[in-house]
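Structure first, then comments.
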Amino acid sequence: MTTIRAKVIPEPAEGTRPVLIRQNQDGPLIQDEGDLTYLCGLCGFALLKDVEKSHVFIDIVFKCPCCDLFNEISSTGE
Ligand SMILES: [Zn+2]
């Protein structure tokens, strides 16, 4: 299990990047059965839990449901 802190970024301009916002559940934005967990860079909320390492996530901006900040997963974040 590896835990990585995501990077807090300014809100991206509309239409430039996909933004994932939690709708109405309490858990992480994405949960799978891998061995990587990504935490919000500010508050430590688990944005992505037990995911596989994937380049799919690199372009996506994740809005933290806890502190409402935008996070990205750096391509170098190992
Ligand atoms: Zn947060």
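General remarks:
- Each Lys and Arg Cβ is given +1 and each Asp and Glu Cβ -1; about its Cα centre, the chain then shows a dipole of about 200 debye.
- Ranked list, fewest to most other Cβ atoms within 10 Å of each Cβ, for VAL19, VAL61, VAL56: VAL56, VAL19, VAL61
- Contour excess over end-to-end distance, with Cα ends at CYS67 and GLN31 and 0.36 nm allotted per residue: 11.0 nm
- Taking label positions 7 Å along the Cα-Cβ direction at both LEU42 and SER54, the computed distance is 2.6 nm, reported to one decimal.
- Cα convex hull volume per residue for the chain (Å³): 86
- Under Karplus coefficients 6.51, -1.76 and 1.60, residue-wise ³J(HN,Hα) of region 42-50 in Hz, glycine/proline x: 9, 9, x, 5, 6, 6, 10, 10, 6
- Once the Cα-Cα distance is subtracted from the 0.36 nm per residue extended length, the SER74 to ARG17 segment shows a gain of 19.1 nm.
Throughout, read-outs are computed from the coordinates displayed, never taken from laboratory work. Quick caveat: nothing in here was measured; it's all calculated off a predicted structure. Note that each Cβ is placed from the backbone with ideal geometry, even for glycine, and that neighbours are counted across all protein chains shown.
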